[in-house]
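Worksheet: one structure, shown below.
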Amino acid sequence: MFRVANVEFIPEFRQEESLEFVSMASKIQHVVSNVYKTSSVARLYKQVVISDLSNNDKGGVLVHFWMVFVVPQLKSPAVCEECVGAILRDSVHTSLKNRSSVGYLLGLPVDIDSILVNVVHRSDYTSSGAGSQCVDKLHANLPGASVPLNVYSSWGGVSCHVKLTSVPGSLIRLTVSAFFIEPSDCVSEALTVYDALLPMRGRILHRLCEPVSSSFSIVSTSNVMLLSFRMTNGNKNFRGHFEAIADEVCMSQIETHLDPDITGKIYSPFHPSLLPPQSSCTWKFETPNAVLGVALRFHNYVLKAKGLKGCEHGWWKINEIIFCGSYVGHNTVFRIDDHSPKVEFRCSSRHSVQPFHASYSSYNISQPCPESHFLCSTGLCVEKSRRCDGLDDCQDESDEVFCSRPTKNCDGHSPLHPLFVCNGETDCANGIDEINCTQETTCSAIRYQCSIGSCILKKNAKCDGVRDCQDSSDEADCACGRPSVNKVGSSTGPERIVGGVNSNEGEWPWQVSLHFNGNLYCGASVLSSDWLISAAHCFSKERLSDPRYWSAHLGMLTQGSAKHVAEIRRIVVHEYYNDYTFDYDIALLQLKKPWPPSLGPLVQPICLPSPSHTVTDSHRCWVTGWGYRYEDDKVLPSVLQKAKVSLLSQTDCKKSYGPISPRMLCAGVPSGEQDACRGDSGGPLTCRAPGGGRWFLIGIVSWGAGCGRPNLPGVYTRVNKFTSWIYSHIS
Ligand code: ARG
């Protein structure tokens, strides 16, 4: 697009059938064609179409247009986004007069600074079925008049565009109240909201491919927005509205109260709308006196010192020091030990992201937490008595690491440490740690919860072959984790991978090989007849998130000999997955069709651990996959490899790696001889209790420093932290 100066915008320009539009468009078309037909890419240039004229607060007319280039593979470097833009810019440049930014192209006054060229994929703009294209244009005037958008059900098309414009200087707020869509792959069925009038790839604000249950809103960065509906099945239903809103300057002066219990709130720009790209905010705080600082209590958001990489989910400058924000599943407190700090926020994402809010208050700089409380690394304050009690009160385990070894207290005089209680292993010679384990008790994260809601002490009650819950729910849905062949430990074939050996047919029936574009890229595990579980980082880049490129190979021992190859319907990546820290590295894959039950013994789900599930020293754990066999290996093994590893405590893991989140779990052997490696990602770390118990999915291969290095264990996603997240998607 570009801006034509010195032309007055008239409302007729919004109607592409109007005489005014047609004559303006043909003039511009002539000029643009002329530029490209006399350029270095003349032979590749095919046509230009002026699609819209709009106006902003700079005056003149904004021209939105698309051009078609037909490019043989060899010539593709000549038509890059920047190159095509540069051609237009160069032409304007040679006609610049004086100091103005407006140059005259065959008499057309074009503002050089406004030229923006972006790649649009033809498939985003047109649909395959001819004549199924529909376009609607709507305009909103200030102030606050809301325009309903219930237009859609009457359309028959596969690909429909709704173009929204509003008065110059305003922004558009789109509210989606209801949207019915089959959960899908997000490619063939989706509503994409663009921060432009054309479907520019670099200007996607938001993409919707799941049904909307509660209404939410999205704000644009200028006075245009495009909704692109792409649906294959006939039953579409969209309800919502949009309105013009004034751009807000997010800046405030805040005086905090002397009493730390009195709080106020700060919000992300346009809250509760999604946070638009490029938005920013500045808060200047002032506490009543110099001994008081400012405490910001964030909901599901955390600020951390900026590392070498940029910030992905918010860029913060607090008294000239830079921090990055990220989304997490718990609250945090950020304290600024200054009585008049300046806090600046800038959105660092190209898309709209979740809004945030925080409550602020004063706090005593010399004593951040009340007496008898412990200060967590998350900034939370917890009672000192909760330190080393086996529960993660701090939300980052800072109250549970570097604890002295818990004493067992087997004599019965003082209470047993919760870690030893009913963990399935007799820790006390007199056996008192394993009695009355099915008695009902108050619930906590380390106790097993039955379906009716009551909790029992036994930690690993699920699918252990004993009815522990009154409602027997602990033994329901237990068709999992029991391979028909059980030769674990016996080695067949030569030593391979990072200390692994060949597996046997049917030994790991939940193991999946995930292929991207036909090549092994990650591992996964079978959860049910149509769901797999894997790691989020396998799908984090644009193309990797498209389910159409993936296939799942099930019931396979040797690469190429899968019993079943399944296509993927959709990929659900955890909403808090963090590309920099690998926190929340978990994803679910839904198959297009369930695998046939006749695959029975060779394909089988793995058991999901309950949140209370604990792995003791007597459990045996194995990691499996077709990944590399040593750090700089060049060839992947063809037979599924297995390696026996032990789980490390979080304390020991932090000694190797420093920051390890509660969602991570380390496993390996001190020498490093057994480990996972590249290509194993997303695959299972499974453990079983002694005596022929079932196998449970304890970890998902996530990351590590190199492979098989001494004292640098493999890091896995801690699956029992995600039990309810998993069930919320698959059941
Ligand atoms: N991220 C790796 C992958 O994509 C897995 C790394 C596991 N490394 C390790 N040393 N355990 O396959």
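The values are calculated or read from the model by the stated rules, or taken from the named source; none is laboratory data. Just so it is clear, the model here is predicted, and its values are computed rather than measured. Positions of Cβ are backbone-derived with ideal geometry, glycine not excepted, and every protein chain shown enters the neighbour counts. To get the accessible areas, we keep the full protein, side chains included, count just its heavy atoms, and leave off ligands, DNA and RNA. Shrake-Rupley method; radii C 1.70, N 1.55, O 1.52, S 1.80 Å.
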Do we have VAL382 as modelled with pLDDT under 95 and aliphatic (A, V, I, L, M) here? no
Being without any contact (Cβ under 8 Å) to a residue 24 or more places away in the chain and buried (at least 18 other Cβ atoms within 10 Å of the Cβ) is the filter here; which residues of the range 30-84 pass it? VAL48
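State yes or no: is MET225 under 23 Å from ILE50 (Cα atoms) and open to solvent by less than 30 Å² (accessible area, probe 1.4 Å)?
yes
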Just to verify a result, which residue in the range 605-638, among those that are touching a strand residue (DSSP E or B) at 6+ places or on another chain (Cβ under 7 Å) and polar (S, T, N, Q), is nearest to the ligand (Cβ to nearest atom)? THR624
Just to check your reading of the model, which residue among ARG346, ARG405, ARG350 is charged (D, E, K, R), within 30 Å of SER215 (Cα to Cα) and out of contact with any strand residue (DSSP E or B) (no Cβ under 7 Å at 6 or more places or on another chain)? ARG350
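Can you name every residue in the range 1-56 that is of a type in the set (Asp, Glu) and closer than 22 Å to ARG203 by Cβ?
Residues satisfying the conditions are GLU16, ASP52.
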Name every residue in the range 295-323 that is touching a residue at least 60 places away in the same chain (Cβ under 8 Å) and in a strand (DSSP E or B), in order of residue number. ALA295, LEU296, ARG297, PHE298, VAL302
Being open to solvent by 10 Å² or more (accessible area, probe 1.4 Å) and in contact with a helix residue (DSSP H, G or I) (Cβ under 9 Å, 6 or more places away or on another chain), is that true of even one residue in the range 238-248? yes
In the range 683-715, how many are open to solvent by 20 Å² or more (accessible area, probe 1.4 Å), part of a strand (DSSP E or B) and either more than 7 Å from the ligand (Cβ to nearest atom) or farther than 24 Å from TRP510 by Cα (or both)? 1
Taking LYS593 and the conditions (1) open to solvent by 50 Å² or more (accessible area, probe 1.4 Å); (2) under 18 Å from TRP508 (Cα atoms); (3) at pLDDT 95 or above, which numbered condition does it fall short on, given that it satisfies the others? (2)
Residue check: is GLN641 away from the ligand (no atom under 11 Å from the Cβ) and either crowded, with 18+ Cβ neighbours inside 10 Å or touching a residue at least 24 places away in the same chain (Cβ under 8 Å) (or both)? yes
Condition first: farther than 23 Å from ASN519 by Cα and surrounded by fewer than 23 Cβ atoms within 10 Å (Cβ to Cβ). Can you find one or more residues in the range 551-560 that meet it? no
Restricting to the range 621-632, and then to whatever is among the charged types (D, E, K, R) and surrounded by fewer than 17 Cβ atoms within 10 Å (Cβ to Cβ), can you tell me which residue is modelled with the highest pLDDT? GLU631
For the subset of the range 721-731 comprising residues that are part of a helix (DSSP H, G or I) and open to solvent by less than 30 Å² (accessible area, probe 1.4 Å), which member is farthest from the ligand (Cβ to nearest atom)? THR723
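Strands (runs of 3 or more DSSP E) wholly in the range 194-259 with at least 3 residues that are in contact (Cβ under 8 Å) with a residue 24 or more places away in the chain and of a type in the set (A, V, I, L, M, F, W, C) - which ones? Even if it seems obvious, please write down each step before you answer.
Values: elements: 204-208, 216-219, 224-230, 237-246, 251-255.
Counting at least 3 such residues, we get 204-208, 216-219, 224-230, 237-246.
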Strands (runs of 3 or more DSSP E) enclosed by the range 486-548 - at least 1 residues per element that are at pLDDT 95 or above: 511-516, 519-526, 531-534
For a quick check of your reading of the model, give me the residue pairs whose first member lies in the range 664-685 and is touching a residue at least 40 places away in the same chain (Cβ under 8 Å) and over 26 Å from ASP392 (Cβ atoms), whose second is in a loop (DSSP other than H, G, I, E, B) and within 6 Å of the ligand (Cβ to nearest atom), with beta-carbon atoms closer than 6 Å and at least 6 apart or on different chains. ASP675/CYS707; CYS677/GLY627; CYS677/CYS707; ARG678/GLY627; GLY679/GLY627; ASP680/GLY627
Counting only residues that are touching a residue at least 40 places away in the same chain (Cβ under 8 Å) and of a type in the set (Gly, Ala, Ser), the range 574-599 contains a total of 1
Given (1) free of Cβ contacts under 8 Å to residues at least 24 places away in the same chain; (2) of a type outside the set (Asp, Glu); (3) on the phi < 0 side of the Ramachandran plot, number of the condition GLY412 does not satisfy: (3)
Could you pull out the residue among ASP90, ASP113, ASP124 that is at pLDDT 90 or above, more than 15 Å from SER40 (Cβ to Cβ) and either out of contact with any strand residue (DSSP E or B) (no Cβ under 9 Å at 6 or more places or on another chain) or assigned to a helix (DSSP H, G or I) (or both)? ASP113
Return the residues of the range 1-29 that are within 20 Å of MET67 (Cβ to Cβ) and either without any contact (Cβ under 8 Å) to a residue 12 or more places away in the chain or surrounded by fewer than 17 Cβ atoms within 10 Å (Cβ to Cβ) (or both); say none if nothing qualifies. GLU16, VAL22, SER26, LYS27, GLN29
How many of the residues making up the range 205-264 are within 20 Å of PRO183 (Cβ to Cβ) and polar (S, T, N, Q)? 8
Exactly one of PRO406, PRO415 is assigned to a loop (DSSP other than H, G, I, E, B) and either open to solvent by 50 Å² or more (accessible area, probe 1.4 Å) or of a type in the set (Asp, Glu) (or both), and that residue is PRO415
Complete set of residues in the range 559-618 that are within 30 Å of SER473 (Cα to Cα), touching a His at 6+ places or on another chain (Cβ under 8 Å) and β-branched (Val, Ile, Thr): VAL572, ILE586, VAL603
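Quick check, is SER525 more than 12 Å from the ligand (Cβ to nearest atom), in contact (Cβ under 8 Å) with a residue 60 or more places away in the chain and buried (at least 22 other Cβ atoms within 10 Å of the Cβ)?
On the way: more than 12 Å from the ligand (Cβ to nearest atom): yes; in contact (Cβ under 8 Å) with a residue 60 or more places away in the chain: yes; buried (at least 22 other Cβ atoms within 10 Å of the Cβ): yes.
So SER525 fits the description; yes.
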Restricting attention to the range 655-682, which residues are more than 10 Å from the ligand (Cβ to nearest atom) and over 15 Å from TYR716 (Cβ atoms)? LYS655, GLY658, PRO659, PRO670, SER671, GLU673
Would it be correct to say that SER646 is under 16 Å from LEU514 (Cα atoms) and either touching a Gly at 6+ places or on another chain (Cβ under 9 Å) or within 15 Å of the ligand (Cβ to nearest atom) (or both)? no
If you go through the range 507-518, how many residues are farther than 19 Å from LEU608 by Cα and more than 13 Å from the ligand (Cβ to nearest atom)? 3
